[in-house]
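Each value in this text was obtained by applying a stated rule to the coordinates, not by laboratory testing. Predicted, not measured: the structure shown is a model, and the values here were computed from it. All Cβ positions, glycine included, derive from the backbone under ideal geometry; neighbour counts span all protein chains shown.
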Amino acid sequence: MSVETLTYAALGARLNISPAAARSLAKRLRLPRSLSDDGKALVSVDLAEIRHTPRPPVGRQAGNVALLAAKIEAVAGGDRAA
């Protein structure tokens, strides 16, 4: 059980997530936090006990983009007919 004190950026780098996601994870897991001398938040964490797997990035699906383009064309085409 090796407890480390890390910034959100360092925790995010260790878990392959963004610093904002690391902050959210620390809040969700209610990890002990403190402030460093320079004002940055430090999180005390035992990385062996965290079972976090980052979700794959969610992007737009090609079908949704094509559907949106078709709707825009229909609206633009309808204005031309008038």
Amide H contacts of T7 (H built 1.01 Å from N, under 5 Å, at least 5 apart or other chain):
V43
Around V3, under 10 Å between beta carbons, what's the net of Lys plus Arg minus Asp minus Glu among the other residues?
-3
What nm distance separates the two modelled labels at A20 and S34, each placed 7 Å from Cα along Cα→Cβ?
2.9 nm
Taking R0 as 25 Å, what's the FRET efficiency between L68 and A9 from their Cβ-Cβ distance, rounded to 0.05?
0.10
The local net charge around R33, scoring Lys/Arg +1 and Asp/Glu -1 for residues other than R33 whose Cβ lies under 10 Å from its Cβ, equals +3
